[in-house]
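Structure record follows, encoded as structure tokens.
Read-outs: derived from the displayed coordinates by stated rules, not from any lab. Since this is a predicted model, take the numbers as computed values, not measurements. Positions of Cβ are generated from backbone atoms using ideal geometry, with glycine treated the same way; all protein chains shown enter the neighbour counts.
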Amino acid sequence: MASLRRGGEALSLHPWLTSPLALDWQGCRALLGCCMGGPLLEKGLFAGSDLLWWGQRLRFAGSLAVKGVYLPAVQRGEGKDFLCPVAAPAPWGGLGYPGPS
């Protein structure tokens, strides 16, 4: 590994070791829900930017579902089914969030 010096003291870089964690869909949802508040999950445990991004996507999808303006549809394919988002008309006549009043 690369060696560095700071004030005569030898420093060295080492690879960062991580452990994988297998989660079912409920565990994934719970973990992403914890990521909505920021990178600090617990003292000494931080979420990376990619996990934070997915947490924000979960929050966005939930807000669309609560407003009832975004509905999923299943499209049948050759041996596979695909979940396709479909925009639904909102009560105010447009699609999506109407913006600030």
Quickly work out the K80-to-R59 label distance, labels modelled 7 Å from Cα along the C-beta direction, and quote it in nm with one decimal. 3.1
Region 21-35 - phi-based ³J(HN,Hα) in whole Hz, Karplus 6.51/-1.76/1.60, Gly and Pro as x: 9, 7, 10, 7, 5, 5, x, 4, 4, 5, 5, 5, x, 5, 7
Give me, ordered by chain and number, the residues 5 or more places off L41 or on other chains with an amide H under 5 Å from its own placed amide H. F46, A47
Would you mind checking region 42-71 for residues with the amide N under 20 Å from a putative spin-label position 7 Å along Cα→C-beta of L17? 44-46
